[in-house]
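Chemist: If you scroll down you'll find the structure; I have some questions about it.
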Amino acid sequence: MAVALRTFAHKTWRTIASIQTGVVLLILVVILSAVGTIVLQRPVTEPDEMQNAYSPQTLRILDAVGLTDVFHSWWFLGLVLLVSLCIVAASIDRFPNSWRYFARPYKYPDESFRRALHPQKLVPIADEEAGLVAAERALHSLGFKPERVVREDHFGIFAERHRISELAVYIVHASLLLIFLGTVVDGIWGWRGTLNLNEGQTSNRVELRDGAIRTLPFAIRCDAAGQENYKDGTPKKWWSKLAVIEDGRDVRSKEIVVNDPLLYSGVRFYQSSYGPNGKVDKLMLVAMPSNGHGQKQGSQKQEFGLAVNDTVSLDADTTVRFAEFIPDYAVRDGQVYRKSNELQNPAAHLVVTSKSAAKDYDVWFPQLDDVADNSKAPYLFQATDLKMGHFTGLQVSHEPGQWGVWCGVVLMGVGLSFVFYVVHMRFWAVPVRDPKTGKTRLWIGGSANRNRDAFAQRFNDLLGLVEKELKTVPRTSASEPIATRAAETLRV
């Protein structure tokens, strides 16, 4: 039983640590992420837009399987965790060998290594020391720092550059883990919602994607909002002037536009929409006395503005109140009622009160003959302008895992730079004696972990420099052979 469990655990570990498993799962994550960019996502997309894009049955299916909120669905987060587990297992399984390769580089090539290495070249030399000196000078010319290596009774030259490139894959692994960690943290503890504010309105209640209300520990006030247009009238950008209110005082303010949010206490407020709210900001009026009323009271032509429920005194006897605004009206049986909230057929209702007559007069714009008292009122009114109120639509998000995502993106950029642009190059130079002829030649070999075509040109440059240096290096004047000096070096 114990053997069977160990065998099962070993097979499971090999499967999880397999590169094939990780690649397949990573491809699934990419495909599902692409689906999340194609299918409209809540709450970024307005409900009306979702209903216009999909039929009710299709929308129910998409909601049921989580495709309208891919990046917060349990199956997507589970898949991300499984990919992360595969990356960790693969790294643990392969890192010891990689670290040994990195920490203890292979500096002296034995005969079997020399036979298998490509590229390599044998260069005739007069003696061993001259060959080694020529190789050292040539490597210095190429920007390397060669070192002499002693093995038993032989000297050799070893030089390398960018050994850290061998660990670049683990930098990429770490970056992926950071990105996935941030995604999981956002999916579990993060939230997104919407907040619509009229100009001048303050609120701390955010509507989440599931319809729940989240109360913020601070409030947001919209001081102003607007839209800038191109010359042809199409929208150029939306903007909102927001203020953060905490403990009854303004603690921060900022004018936001699309892609330039307000960030406070880990909560971001993005500009997502703007438009009329169907409410009147101010009705501009001109009032003139009628039937000699003004002359008796000393009144004259007056210009003023009213918001809904505002009251203005026209003279000592007369006041006017903006009673109501109907964006789409209809008249039936002597009554005015609202057909819809769309600004299609607007009407404004004023109530003019005369204290002396103890009477109210209903004034309508436009004049509604069946219900209006426009001609009976002590003043004649003319509407000169109607300023509609506007709302700003804010997308609110709390994403505590974004630090991990952005750190992972930066780290991935570093890792991929090492993977694609930093090449680990190694060169060896070893004097060897031909057993048949007894002549000494300098064996030169090299290797690179990527971009081998460019490395072949660098290897040829090294050969040319070595041959050039051999013409200038004098033969050694020492009487003992280099093997003897190597042995003495080892004894020291």
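Chemist: Have a look at L181, L167, L195, L176 and point out the one that is within 45 Å of the chain's Cα centre (by Cα), crowded, with 16+ Cβ neighbours inside 10 Å, modelled with pLDDT under 95 and not in a helix (DSSP H, G or I).
Modeler: Residue meeting the stated conditions: L195.
Chemist: Looking at region 300-325 only, could you name the residues that are more than 25 Å from K279 (Cα to Cα) and either touching a helix residue (DSSP H, G or I) at 6+ places or on another chain (Cβ under 7 Å) or modelled with pLDDT of 85 or more (or both)?
Modeler: Across region 300-325, the qualifying residues are Q300, D315, A316, D317, T318.
Chemist: So, one more: Tell me whether region 84-95 contains one or more residues that are among the charged types (D, E, K, R), farther than 30 Å from A159 by Cβ and either outside any helix (DSSP H, G or I) or touching a Leu at 6+ places or on another chain (Cβ under 8 Å) (or both). Give the derivation first.
Modeler: Of region 84-95, the ones among the charged types (D, E, K, R) are 93-94.
Still in the running and farther than 30 Å from A159 by Cβ: 93.
Next cut, either outside any helix (DSSP H, G or I) or touching a Leu at 6+ places or on another chain (Cβ under 8 Å) (or both) only: none.
Checked region 84-95: no residue is among the charged types (D, E, K, R), farther than 30 Å from A159 by Cβ and either outside any helix (DSSP H, G or I) or touching a Leu at 6+ places or on another chain (Cβ under 8 Å) (or both).
Chemist: Continuing with this model, one more query. Taking strands (runs of 3 or more DSSP E) that do not extend beyond region 227-338, which have at least 2 residues that are in contact (Cβ under 8 Å) with a residue 12 or more places away in the chain?
Modeler: So the answer is 235-246, 249-257, 262-264, 267-289, 302-306, 318-326, 328-332.
Chemist: I'd like to check something: does region 417-436 contain any residue that is touching a residue at least 24 places away in the same chain (Cβ under 8 Å), closer than 27 Å to S175 by Cα, of a type in the set (G, A, S) and in the same structural domain as G143 (by TED's automatic domain parsing)?
Modeler: So far as region 417-436 goes, no, none of its residues is touching a residue at least 24 places away in the same chain (Cβ under 8 Å), closer than 27 Å to S175 by Cα, of a type in the set (G, A, S) and in the same structural domain as G143 (by TED's automatic domain parsing).
Chemist: With surrounded by fewer than 18 Cβ atoms within 10 Å (Cβ to Cβ) and assigned by TED's automatic domain parsing to the domain that holds D373 as the only criterion, which of V312, V251, V258 stands out?
Modeler: None of the others qualify; the one that does is V312.
Chemist: Enumerate the helices (runs of 4 or more DSSP H) found wholly within region 1-72, keeping only those where 1 or more residues are in contact (Cβ under 8 Å) with a residue 60 or more places away in the chain, touching a helix residue (DSSP H, G or I) at 6+ places or on another chain (Cβ under 9 Å) and within 15 Å of C86 (Cβ to Cβ). Working first, answer last.
Modeler: Numbers: elements: 2-17, 19-38, 47-53, 56-65.
By residue number, 2-17, 19-38.
Yes/no per residue for (1) more than 44 Å from the chain's Cα centre (by Cα); (2) at pLDDT below 90; (3) surrounded by 13 or more Cβ atoms within 10 Å (Cβ to Cβ):
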| residue | (1), (2), (3) |
| --- | --- |
| D370 | yes, yes, no |
| D373 | yes, yes, yes |
| A383 | yes, yes, yes |
| L386 | no, yes, yes |
| G393 | no, no, yes |
| C407 | no, no, yes |
| V410 | no, no, no |
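Chemist: In region 198-226, what residues are part of a strand (DSSP E or B), of a type in the set (A, V, I, L, M, F, W, C) and without any contact (Cβ under 8 Å) to a residue 40 or more places away in the chain?
Modeler: Across region 198-226, the qualifying residues are I213, A219, A224.
Chemist: Among the residues of region 254-288, which ones are in contact with an Asp or Glu (Cβ under 9 Å, 6 or more places away or on another chain) and at positive phi?
Modeler: S265, G266, G278
Chemist: Quick one: A357 ticks every box in (1) within 29 Å of L195 (Cβ to Cβ); (2) not in a strand (DSSP E or B) bar one, so which box is it?
Modeler: Unmet for A357, out of (1) within 29 Å of L195 (Cβ to Cβ); (2) not in a strand (DSSP E or B): (1).
Chemist: Moving on. Checking the condition loosely packed, with under 13 Cβ neighbours inside 10 Å and in contact with a Phe, Trp or Tyr (Cβ under 8 Å, 6 or more places away or on another chain), which residue from K355, K339 passes?
Modeler: Just a single option satisfies the conditions, and that option is K339.
Chemist: Something else now. Need the failing condition index for G143 against (1) outside any helix (DSSP H, G or I); (2) under 19 Å from W443 (Cα atoms), just the number.
Modeler: Result: G143 fails condition (2) only.
Chemist: Which condition breaks for W189 when tested against (1) of a type in the set (A, V, I, L, M, F, W, C); (2) touching a Pro at 6+ places or on another chain (Cβ under 6 Å); (3) buried (at least 18 other Cβ atoms within 10 Å of the Cβ)?
Modeler: (3)
Chemist: Looking at S112 and the list (1) of a type in the set (G, A, S); (2) part of a helix (DSSP H, G or I); (3) touching a Phe, Trp or Tyr at 6+ places or on another chain (Cβ under 7 Å), which single condition is not satisfied?
Modeler: (3)
The values are calculated or read from the model by the stated rules, or taken from the named source; none is laboratory data. All values reported here derive from a predicted model rather than from experimental measurement. In this analysis, Cβ positions are derived from the backbone assuming ideal geometry, glycine residues included, and neighbour counts consider all displayed protein chains.
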